[in-house]
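The values are calculated or read from the model by the stated rules, or taken from the named source; none is laboratory data. Nothing here was measured: the structure is a model prediction, and the numbers come from that model. Cβ atoms come from the backbone with ideal geometry, glycine included; neighbour counts cover every protein chain shown.
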Protein chains: 2
Amino acid sequence: MNLLLFQPGELDAGAALTVADGRARHLLDVLHVGPGSEVRVGAVDGGIGTASVIAVDAGRVTLRCRLGDPPPRPRVDLLLALPRPKVLRRLWAQLAALGVGRVMLTNAERVERNYFDTHLLTPAVYEPLLLEGLQQARDTWMPRVTVHRQFRRLVEDELDALCPAAIRLVAEPGEAPRVSRALAHAPPEARVLLAVGPEGGWNAFELSQLEAHRFTRVGMQARTLRSDTACVALLTLVHDALAAG
Amino acid sequence: MNLLLFQPGELDAGAALTVADGRARHLLDVLHVGPGSEVRVGAVDGGIGTASVIAVDAGRVTLRCRLGDPPPRPRVDLLLALPRPKVLRRLWAQLAALGVGRVMLTNAERVERNYFDTHLLTPAVYEPLLLEGLQQARDTWMPRVTVHRQFRRLVEDELDALCPAAIRLVAEPGEAPRVSRALAHAPPEARVLLAVGPEGGWNAFELSQLEAHRFTRVGMQARTLRSDTACVALLTLVHDALAAG
């Protein structure tokens, strides 16, 4: 844990935070803090700063927090065909660590219907995994997660409201301009909406729907990657291209 | 499985291959092949082509193979501080899928000694995971894996023989030239040797040793990533930069 995250409501009027859960155990058993220790802290969706431990008592740790500015908000949103549960489980923390503003999980022909039954789509299950990723990467911006069982309704009716004014890219294996070229002339504060298909790919209808709604194709190498590897790779390329702009 | 891999010795003089293991079950239960079906096949470290199923009998599948050229050999080698076993397990298939010529796992101050006791460093355990990644990505080049308990000996004495004539990069969080800039003037067939440290980073001595042996620093974002995410991200950036050259 490179950053101790707390919910804004956990802070009292005097900027004191008391933790008694897994965070307290991490502070005591891994970081071996005591009164006077300094740790890096952040408020979910808020500022980052440092905190001094002011009391340790029976597994409870109380810290006085001094928060500065929030980190920059991630400029990438992800539209992802729902991967199989085993892959999704691996992916949550990595998505938060790489930085995404919004994750829209959607259906597609090559997504199996029973994938939607997984408990990994329950906020109580995925939020701790997202927090783990944020704490790893020292970020505070909790990705917004929505689940869309109807691909067509998402693309036609919902996407403009969820992700206005973004450059839209859809990744396909094979020949297509590289991400860095597609984003070479992106304005300085541009946001990107990246669509990543199922492991078998989008079908022709889905791809034409995406292209009809302003998505342009980008390619990687010729290699076919597992969904989690592909997401990490593509988010890396988008972030890298935006940082270069 | 996007490619059925076999060891060159499995092919008989008439280019016939008989499988009766997990590959046969995949052919029969997932791909539902029968006589006349065509599947994509490859020889480990060799060519890629197609095969026709010529017989199915009691869980055994026999195919006639027609192999073409091997895919291009991956132009990236990885020097990786040994990650904790849970992370290493996730990483094997992804490394093979992304494409690495050689993986050198090494010690560092911030690598715990007991990480070297894991069965994940046994070829019988990691080779099937590497094959899984190759089959996913349709590659045949099996990464060469070596384990180096002495970082200093590796860098001073062994690296020049293991990875001659490569551009050497060491990834560090924070301010440093981006990968694409570091490789902007790489010659067309250049190989890259990428060093990725432990989650706590290389210590100052290790970093100075690497820099004394022709490694130049490259940066990513300010974010601290888990070893597996960092490896996928960095290998993606190196492959992308080499493909652009």
### Query
Assuming residue A:141 fulfils every condition listed in (1) part of a helix (DSSP H, G or I); (2) closer than 16 Å to residue A:46 by Cα; (3) aromatic (Phe, Trp, Tyr) apart from one, which condition is it?
(1)
### Query
Among the residues of the range A:124-138, which ones are charged (D, E, K, R) and either in a loop (DSSP other than H, G, I, E, B) or within 14 Å of another protein chain (Cβ to nearest Cβ) (or both)?
A:132, A:138
#### Entry: Single match in A:168, A:152, A:110, A:138 (criterion: more than 11 Å from the chain's Cα centre (by Cα), among the charged types (D, E, K, R) and under 24 Å from residue A:22 (Cβ atoms))
A:138
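Can you find even one residue in the range B:219-241 that is touching a residue at least 60 places away in the same chain (Cβ under 8 Å), loosely packed, with under 15 Cβ neighbours inside 10 Å and among the charged types (D, E, K, R)? So that I can check it myself, show each step before the final result.
Of the residues in the range B:219-241, the ones touching a residue at least 60 places away in the same chain (Cβ under 8 Å) are B:226-228, B:231-232, B:234-236, B:238-241.
Those left that are additionally loosely packed, with under 15 Cβ neighbours inside 10 Å: none.
Checked the range B:219-241: no residue is touching a residue at least 60 places away in the same chain (Cβ under 8 Å), loosely packed, with under 15 Cβ neighbours inside 10 Å and among the charged types (D, E, K, R).
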### Query
Would you pick out the residues in the range B:221-245 that are at the interface with chain A (Cβ under 8 Å from one of its Cβ atoms) and more than 21 Å from the chain's Cα centre (by Cα)?
B:221, B:222, B:223, B:224
## Note on the structure
residue A:78 passes all but one of the listed conditions (1) of a type in the set (A, V, I, L, M); (2) free of Cβ contacts under 8 Å to residues at least 60 places away in the same chain; (3) part of a strand (DSSP E or B); the exception is number (2)
### Message
Among the residues of the range B:58-76, are any of a type in the set (Ser, Thr, Tyr), farther than 30 Å from residue B:213 by Cα, surrounded by 17 or more Cβ atoms within 10 Å (Cβ to Cβ) and out of contact with any helix residue (DSSP H, G or I) (no Cβ under 8 Å at 6 or more places or on another chain)?
### Response
yes
### Summary
Within the range A:93-123, the residues that are more than 18 Å from residue A:73 (Cα to Cα) and outside any loop (DSSP other than H, G, I, E, B) are A:105, A:106, A:113, A:114, A:115, A:116, A:117, A:119, A:120, A:121, A:123
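Each row is one residue, and each column tells you yes or no for (1) over 18 Å from residue A:229 (Cβ atoms); (2) away from chain B (no Cβ under 14 Å); (3) in contact with a helix residue (DSSP H, G or I) (Cβ under 8 Å, 6 or more places away or on another chain).
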{"position": "A:177", "(1), (2), (3)": "yes, no, no"}
{"position": "A:191", "(1), (2), (3)": "yes, yes, no"}
{"position": "A:204", "(1), (2), (3)": "yes, yes, no"}
{"position": "A:209", "(1), (2), (3)": "yes, yes, yes"}
### Task
Determine whether residue A:45 is buried (at least 17 other Cβ atoms within 10 Å of the Cβ), of a type in the set (Asp, Glu), under 23 Å from the mean Cα position of the chain (by Cα) and closer than 30 Å to residue A:179 by Cα.
no
### Query
Among the residues of the range B:121-138, which ones are in contact with a strand residue (DSSP E or B) (Cβ under 8 Å, 6 or more places away or on another chain), touching a residue at least 40 places away in the same chain (Cβ under 8 Å) and not basic (Lys, Arg)?
B:131, B:134, B:135
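Residue by residue, here is whether (1) surrounded by 13 or more Cβ atoms within 10 Å (Cβ to Cβ); (2) under 30 Å from residue B:201 (Cβ atoms); (3) within 21 Å of the chain's Cα centre (by Cα); (4) not hydrophobic (A, V, I, L, M, F, W, C) holds:
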{"site": "A:159", "(1), (2), (3), (4)": "yes, no, yes, no"}
{"site": "A:183", "(1), (2), (3), (4)": "yes, yes, yes, no"}
{"site": "A:194", "(1), (2), (3), (4)": "yes, yes, yes, no"}
{"site": "A:201", "(1), (2), (3), (4)": "yes, no, no, yes"}
{"site": "A:206", "(1), (2), (3), (4)": "yes, no, no, yes"}
{"site": "A:217", "(1), (2), (3), (4)": "yes, no, no, yes"}
### Query
With respect to the numbered conditions (1) touching a Lys or Arg at 6+ places or on another chain (Cβ under 8 Å); (2) within 20 Å of residue A:27 (Cα to Cα), which one is the sole condition not fulfilled by residue A:140?
(1)
## Note on the structure
Every listed condition ((1) more than 14 Å from chain B (Cβ to nearest Cβ); (2) surrounded by fewer than 21 Cβ atoms within 10 Å (Cβ to Cβ); (3) without any contact (Cβ under 8 Å) to a residue 60 or more places away in the chain; (4) within 30 Å of residue A:38 (Cβ to Cβ)) holds for residue A:118 save (4)
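More than 14 Å from every other protein chain (Cβ to nearest Cβ) and free of Cβ contacts under 8 Å to residues at least 60 places away in the same chain, is that true of residue A:145?
Numbers: more than 14 Å from every other protein chain (Cβ to nearest Cβ): yes; free of Cβ contacts under 8 Å to residues at least 60 places away in the same chain: yes.
Answer is yes for this residue.
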### Query
In this structure, is residue A:216 within 12 Å of another protein chain (Cβ to nearest Cβ) and polar (S, T, N, Q)?
no
### Task
Kindly indicate whether residue B:195 is in contact (Cβ under 8 Å) with a residue 60 or more places away in the chain and away from every other protein chain (no Cβ under 14 Å).
yes
### Query
Is it true that residue B:165 is over 30 Å from residue A:74 (Cβ atoms), surrounded by fewer than 18 Cβ atoms within 10 Å (Cβ to Cβ) and among the hydrophobic types (A, V, I, L, M, F, W, C)?
yes
### Task
Answer yes or no as to whether residue A:187 is surrounded by fewer than 16 Cβ atoms within 10 Å (Cβ to Cβ), more than 12 Å from every other protein chain (Cβ to nearest Cβ) and at pLDDT below 95.
yes
### Query
Taking residue A:245, is it modelled with pLDDT under 95 and crowded, with 17+ Cβ neighbours inside 10 Å?
no
